[in-house]
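Before any comments, here is the structure.
The values are calculated or read from the model by the stated rules, or taken from the named source; none is laboratory data. It should be emphasised that the depicted structure is a prediction, and the values quoted were computed from it without experimental measurement. So basically every Cβ, Gly included, is an ideal-geometry build from the backbone, and we count neighbours across all protein chains shown. Surface areas here come from the heavy atoms of the whole protein model, side chains and all, with no ligands, DNA or RNA. Shrake-Rupley method; radii C 1.70, N 1.55, O 1.52, S 1.80 Å.
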Amino acid sequence: MLNERIKRLRKANGLTQVELARGLNVSKQCVSNWENNNILPSIDMLVKIADYFSVTTDYLLCLDNRRILDVNGLTDVQIEHIRRIIDDIRG
């Protein structure tokens, strides 16, 4: 569910609700309400959350489990290095 994805992404990035709220320019109460499934973010805010965490809105909405990695600005050699690290982690 959306609330669980937001909470998991926040924690995985080592953020408190206050820090995430600050980053999205909303109140801590707003983040708390999303995570507790009391309210849903607006469509505009959903896009901001996705951009903030570098995921797709489909990922947030549990429509797609694929994650993206922004490699813009990296060289082909750097991208290949990252790909190899990912392959190593996957085993």
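Being touching an Asp or Glu at 6+ places or on another chain (Cβ under 9 Å) and either within 16 Å of ASN3 (Cα to Cα) or of a type in the set (Gly, Ala, Ser) (or both): is that true of THR56 here? Here the answer is yes, as THR56 does meet what is asked. Looking at the chain, the helices (runs of 4 or more DSSP H) lying wholly inside it that each contain 2 or more residues that are surrounded by 17 or more Cβ atoms within 10 Å (Cβ to Cβ) and modelled with pLDDT of 95 or more sit at 2-12, 17-24, 28-35, 43-53. Taking residues in region 13-24 that are of a type in the set (Asp, Glu), and partners anywhere that are part of a loop (DSSP other than H, G, I, E, B) and open to solvent by 40 Å² or more (accessible area, probe 1.4 Å), the pairs with Cβ atoms closer than 9 Å and at least 6 places apart or on different chains are GLU19/ASN13.
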